[in-house]
Amino acid sequence: MRIILIGTDKLTYFLGRRFASKGYFLTIITPEEENAIALSRKLKATVLTGNGSDPAMLQEAGAYQADVLLALTPKDQDNLIACQIAQDRYGVPKTVALVNDPENREIFEELGVSVAFSATEVLGSMIEQQTASADIRNLVPVTDSGVTITEVVLAENSPAVGSAIKDLKLQGAVVACVVRRGRVLLAQRRSYLHAGDRVLLISESDRYGQAQKALTGEGA
Amino acid sequence: MVSNLFGGSAKQSQYIVIVGCGRLGSLLAGDLSSQGHSIVVIEQNESCLGNLSSEFSGFSVVGDAAELATLRQAKVDKADCLLAVTSEDNINLMVAQIARTVFEIPIVLARVFDPDREAIYQELEIDTISPTQLSADLFLQRLGERFENQSQQSAK
């Protein structure tokens, strides 16, 4: 896979390191020469100094052959334009933009960016989940489908302990499996839940609150 | 002097949002204001509002036009017309697209310095003006005229 990454900071470095370790063919565009030199010493990647929303720069970075372009600069406008130029002029099939203003997320997708994500939103919702319930881990949204996957650990006092899965009366949500003492059990309608069970829950995002309440007693 | 945007006698007052209050933005704001239009200027750097001439009688909003909240504060949804003339091509192109698709403003114009980028966005049907292209055209035209004069004179 050929990836073009536009960015400035630590995020660029750590993502770059990850992509390189997976064997992806990586090109980084970063505005400051000093930063570029540091990155090129540390990463197995081609590093270019320049403006990532400049068409000539994108071409030099191999945009015609790229599979994905990631625009992660702190300026929303630069990320949008880089993605649009990559898509429209160079036919990059997938573009990903970081948005700083969460309100821009939907707009960017409407304007053609394949995936726009807001770091503020992602971090905010993670913190909310962590503070709302310490028993819920790893909420993963399944891209574009409005579905989330969650792992819920059942506490002693959970209302679900001692009930069968069918008695939880889940709507728009299913228990995919239960992990009990390190073993994966297929969830059946008649299976009873125990304290300490790790329940893998797949739910429609707007039904997630109800399902969470049925399992932990907390939440909406 | 900028000529009347809506043709000589059509004096209907329009609500115009101008993004960027540098030399071009402040010039446009003053002229359109004195033509009787209602103007709101959006500028990130408060000190740039000092560029506005005494003819300017509109409002100003200090904020980053890349934030939707700033555009709402300037009541962009009510505007007849938006001119994106900051010194940054990318912000002009972004605001112009948001003005068209989110706020559905009928007339949107963006200044884009980079002729390369301008060509791409013209394909996307964003109405752009490139000062670089304009001055190149004028220089070439003027130069052509001079060359012609020269060759006429030398022919005499």
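The values are calculated or read from the model by the stated rules, or taken from the named source; none is laboratory data. Computed from a prediction, not measured in an experiment: that's the story for all the values here. All Cβ positions, glycine included, derive from the backbone under ideal geometry; neighbour counts span all protein chains shown.
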Among the residues of region A:186-199, the number that are at pLDDT below 85 and aliphatic (A, V, I, L, M) is 2
*Would a scan of region A:23-46 turn up a residue that is in contact (Cβ under 8 Å) with a residue 60 or more places away in the chain, of a type in the set (A, V, I, L, M) and assigned by TED's automatic domain parsing to the domain that holds A:Val96?*
no
Residue hits (region A:202-214; part of a strand (DSSP E or B) and either touching a helix residue (DSSP H, G or I) at 6+ places or on another chain (Cβ under 6 Å) or hydroxyl-bearing (Ser, Thr, Tyr) (or both)) are A:Ser203
Item to complete: Output yes when any residue across region B:75-92 is closer than 20 Å to A:Arg89 by Cα and in contact (Cβ under 8 Å) with a residue 60 or more places away in the chain, and no when none is.
Response: yes
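Among the residues of region A:66-77, is there at least one that is among the acidic types (Asp, Glu), surrounded by fewer than 24 Cβ atoms within 10 Å (Cβ to Cβ) and under 29 Å from B:Val95 (Cα atoms)?
yes
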When every residue in region A:142-188 that is of a type in the set (Ser, Thr, Tyr) and either outside any loop (DSSP other than H, G, I, E, B) or touching a residue at least 60 places away in the same chain (Cβ under 8 Å) (or both) is compared, the one surrounded by the most Cβ atoms within 10 Å (Cβ to Cβ) is A:Thr150
Within region A:50-76, of all residues that are under 21 Å from the mean Cα position of the chain (by Cα) and not aliphatic (A, V, I, L, M), the one nearest to the other protein chains (Cβ to nearest Cβ) is A:Asp76
All conditions in (1) over 25 Å from A:Val99 (Cβ atoms); (2) within 18 Å of the chain's Cα centre (by Cα); (3) assigned to a loop (DSSP other than H, G, I, E, B) are true of B:Leu134 except (3)
Among (1) touching a Leu at 6+ places or on another chain (Cβ under 6 Å); (2) at pLDDT below 90, B:Val2 falls short only on (1)
*Is region A:87-103 home to any residue that is at pLDDT below 95, within 9 Å of another protein chain (Cβ to nearest Cβ) and crowded, with 20+ Cβ neighbours inside 10 Å?*
no
